[in-house]
Amino acid sequence: MDLWYNNNCFRRRVKNEMKMINYPYETYFHDNYMILIVLINETIIKIRLTISYPFSCPSYITINDIHISNYHKYINSNKKYIKELNNECICCNSLLCSNNWSVNNNLNDLIDECDKIIIYLKKIMEVKMMEKVIKYKTSINMPFMFEYI
């Protein structure tokens, strides 16, 4: 722990937010940032917090060691598979967008957003697999099947 962690406002805020996390987690301290590692099922989420938190959103968040912006790009390129997005940009609705971040947001909100991204990824994979099975096993167009996923 370096001097930056001795900032009372930051320390109190992070301590209180960490009490509310419902998943197993660990923290690691470096010279000028703190890493929060959260385990959701089999997924590892890493969030780097700097002294500017909560006034600015953490810029470094990974899910299974892949930066979250890569997930956003993938979901955006495959958003036709996710009805909930309604052809909206996932990045524009993300807390990680500086326009959407506010001091009222907390670590649980970030963790929930990562969990939502994981759900979107699973949904995309399910639909893509179903498309392949229908195409190669039946060679019949069955658009009604996708309504149930």
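Within segment 19-33, which residues are of a type outside the set (S, T, N, Q) and under 18 Å from the mean Cα position of the chain (by Cα)?
If the condition is that a residue be of a type outside the set (S, T, N, Q) and under 18 Å from the mean Cα position of the chain (by Cα), then Met20, Ile21, Tyr23, Pro24, Tyr25, Glu26 are the ones that fit.
Can you report the number of residues in segment 47-61 which are modelled with pLDDT of 90 or more and buried (at least 19 other Cβ atoms within 10 Å of the Cβ)?
3
Between residues in segment 107-124 that are over 15 Å from Asn93 (Cα atoms) and residues that are assigned to a helix (DSSP H, G or I) and of a type in the set (Asp, Glu), which pairs lie under 8 Å by C-beta distance while being six or more apart or on different chains?
Leu107/Glu17; Asn108/Glu17
Return the residue satisfying two criteria in turn: it lies in segment 96-119 and is touching an Asp or Glu at 6+ places or on another chain (Cβ under 8 Å) and crowded, with 17+ Cβ neighbours inside 10 Å, and of such residues it is modelled with the lowest pLDDT.
Leu96
Of the numbered conditions (1) closer than 17 Å to Leu121 by Cβ; (2) modelled with pLDDT of 80 or more; (3) open to solvent by 50 Å² or more (accessible area, probe 1.4 Å); (4) in a helix (DSSP H, G or I), Ile44 fails exactly one; give the number of that condition.
All conditions are met except number (4).
The values are calculated or read from the model by the stated rules, or taken from the named source; none is laboratory data. None of these values were measured; they are calculated from a predicted model. As a convention, Cβ positions derive from the backbone with ideal geometry for all residues, glycine included, and neighbour counts pool all protein chains shown. Protein only, heavy atoms only, side chains kept; ligands, DNA and RNA dropped before computing areas. Shrake-Rupley method; radii C 1.70, N 1.55, O 1.52, S 1.80 Å.
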